[in-house]
Amino acid sequence: MNVLLIGSGGREHALAWKIAQSPRFTRLLIVPGNTGTGSHGQNVPFPLSDPEALVDLAQREHIDLIVVGPDNPLADGFVDHFEAAGIPAFGPTAAAARIESSKSFAKEIMAASGVPTAETHVFDSPGEAAAFARESGKLWVVKADGLALGKGVIVPDDLPSTLAAIKKLGATRAGSRLLLEERLQGREISVLALCDGKRMVALPVARDHKRLGEGDTGPNTGGMGVIAPVDEVTPALLEQILTRCMQPAVDELAARGTPFRGVLYAGIMLTSDGPRTIEFNARFGDPEAQAILPLIEGDFLDVLYDCAVGNLNPDKLRRRRGYAVCVVLCAAGYPGRPRRGDPIRGVEAIDDNEVIVFHAGTAIGPQGLCTSGGRVLGVTGLGPTLAKARANAYQFAERIKFEGKHYRTDIGKE
Ligand SMILES: Nc1ncnc2c1ncn2[C@@H]1O[C@H](COP(=O)(O)OP(=O)(O)O)[C@@H](O)[C@H]1O
Ligand SMILES: [Mg+2]
């Protein structure tokens, strides 16, 4: 099978690595790709602005399946173009991807299908939202409706900061519509499932770490680390999450004539009243994919294809025993403006049963491998226990050297 993969992050390196292991795999093109994807296929330096140019490329190169990694091309309807050209694509159409690209649409789907979530109020102006917050006498989580690179949610602790949050998010493009949500309490998990429009198969449950500092403190980032699976999610609890918090949304989208094919990623909060869906994403998380994909066995590429053509057979995927801990190594300056061009040492092409290094923000400079983005590398440790996976990840993370390297040391710590 010839595959075209879209994206350039650590997630796409993990996808390229996994796809290239499949028995049916022949050839991989990655647009635009990164240093890591380049070792599993051919990077094509195309801009990600013109879906029709990608259709031409796919036809010229006899591509059998297109896999879309990031959220923006999905929201922009790239999959609609591929489908119109008759090329199977793994990823939702723009209409189905609205479950991520519009939080108010996601809430509408949850309400219509009975998915348990937080009470929500939607406003089309900051003034109305502020008036409601003042009068309600309750505390609310403030959310921008649209895609905001992880910067569209504020969880304030009092009314003045709530009003400031409404003002701040209301002034952004994503925040032309605002949501005020009941504040829930509980531990959070990420449940990702491969979906063919009707059926789903769950991947190992993950827990991400979005804050920059140890113990979940400091500013938000794209993600500093992930563990999988999460022991507190028993098979019975996972089944409950799938049937109550996810499948109804899939059924609702199908009933509306916009079936969801791709990765449905549910952000779940485990509250004292049971699991509730906080949000849906329409793609693999990054770095979640870097911990989850190494835990899957079976012909992954085959399953992606089956999802794309609406014919998922859940028995084709198996879960590998053990745990994965992914630690993200960041460049100087991240999550502000990262410094580029720092030479990286100590990254051999390691790919065995104990550690895998995924590239995100790296490039080949005059002196070899160097930093070229905020999140530079993802180091995934594997092991029969969480502690062993964690030890493997950190042992290798310490061996990689570059000026300004920083990372959290508490990923996977009990
Ligand atoms: N209703 C809520 N109650 C409590 N915390 C919330 C609520 N909604 C979101 N949060 C917190 O904010 C984070 C980001 O919210 P989320 O809806 O996942 O948006 P995004 O991932 O697009 O930034 C969540 O992971 C959670 O920690
Ligand atoms: Mg989220």
Taking the options ALA360, ALA387, name whichever one is outside the structural domain of ASP208 (by TED's automatic domain parsing) and under 21 Å from the mean Cα position of the chain (by Cα). ALA360
Subset of the stretch 186-213 (residues that are under 24 Å from GLY152 (Cβ atoms) and either touching a His at 6+ places or on another chain (Cβ under 6 Å) or of a type in the set (D, E, K, R) (or both)): ARG187, GLU188, ARG207, ASP208, LYS210, ARG211
Residue check, GLY146 against (1) outside any loop (DSSP other than H, G, I, E, B); (2) not assigned by TED's automatic domain parsing to the domain that holds ASP216, all met but one. Which one? (1)
Give me a count of the residues in the stretch 272-302 that are surrounded by fewer than 24 Cβ atoms within 10 Å (Cβ to Cβ), among the small types (Gly, Ala, Ser) and away from ligand 1 (no atom under 16 Å from the Cβ). 1
Scanning the stretch 93-104 residue by residue, those surrounded by 24 or more Cβ atoms within 10 Å (Cβ to Cβ) and touching a Phe, Trp or Tyr at 6+ places or on another chain (Cβ under 7 Å) turn out to be ALA96, ILE99
Scan the stretch 74-92 for residues that are more than 16 Å from ligand 2 (Cβ to nearest atom), surrounded by fewer than 24 Cβ atoms within 10 Å (Cβ to Cβ) and within 25 Å of PRO287 (Cα to Cα) and report the count. 2
Out of the stretch 327-384, which residues are at pLDDT 95 or above and among the acidic types (Asp, Glu)? ASP342
Answer yes or no as to whether GLY77 is assigned by TED's automatic domain parsing to the domain that holds LEU28 and within 20 Å of ALA289 (Cα to Cα). no
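Yes or no, residue by residue, for (1) under 29 Å from HIS209 (Cβ atoms); (2) surrounded by fewer than 16 Cβ atoms within 10 Å (Cβ to Cβ); (3) among the charged types (D, E, K, R):
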site: ALA106; (1), (2), (3): yes, no, no
site: ALA112; (1), (2), (3): no, yes, no
site: ASP124; (1), (2), (3): no, yes, yes
site: ALA133; (1), (2), (3): no, no, no
site: ILE154; (1), (2), (3): yes, no, no
site: ASP158; (1), (2), (3): yes, yes, yes
site: LEU180; (1), (2), (3): yes, no, no
site: GLY186; (1), (2), (3): yes, yes, no
Filter the stretch 230-271 for residues that are within 16 Å of ligand 1 (Cβ to nearest atom), in a helix (DSSP H, G or I) and touching a helix residue (DSSP H, G or I) at 6+ places or on another chain (Cβ under 6 Å) and give the result. ALA249
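Say whether the condition of being modelled with pLDDT under 95 and on the phi < 0 side of the Ramachandran plot is met by at least one residue in the stretch 222-242. Can you show your working first?
Step one: list which residues in the stretch 222-242 are modelled with pLDDT under 95, which gives 222.
Filter once more, so that each one left must be on the phi < 0 side of the Ramachandran plot: 222.
Checked against the condition, which is being modelled with pLDDT under 95 and on the phi < 0 side of the Ramachandran plot, the stretch 222-242 yields at least one hit.
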List pairs: first in the stretch 230-243 and closer than 21 Å to GLU414 by Cα, second not aliphatic (A, V, I, L, M), Cβ under 6 Å, 6+ apart or cross-chain? VAL230/ARG207
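Could you look through the stretch 99-108, keep only residues that are within 14 Å of ligand 1 (Cβ to nearest atom) and not polar (S, T, N, Q), and pick out the one that is nearest to the chain's Cα centre (by Cα)?
Within the stretch 99-108, the first condition is being within 14 Å of ligand 1 (Cβ to nearest atom), and the residues that meet it are 99-107.
Right, trim to not polar (S, T, N, Q) and you get 99-100, 103, 105-107.
Values: ILE99: 14, GLU100: 11, LYS103: 16, PHE105: 19, ALA106: 16, LYS107: 19 Å.
Among those that are within 14 Å of ligand 1 (Cβ to nearest atom) and not polar (S, T, N, Q), it is GLU100.
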So which residues in the stretch 194-245 are hydroxyl-bearing (Ser, Thr, Tyr) and surrounded by 14 or more Cβ atoms within 10 Å (Cβ to Cβ), if there are any at all? THR221
Picked from the stretch 16-42 (must be among the polar types (S, T, N, Q) and surrounded by fewer than 19 Cβ atoms within 10 Å (Cβ to Cβ)), the residue farthest from LEU377 (Cα to Cα) is THR26
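The values are calculated or read from the model by the stated rules, or taken from the named source; none is laboratory data. Being a predicted model, the structure only gives us computed values, none of them experimental. Using ideal geometry, Cβ is built from the backbone for each residue, glycine included, and neighbour counts are taken over all protein chains shown.
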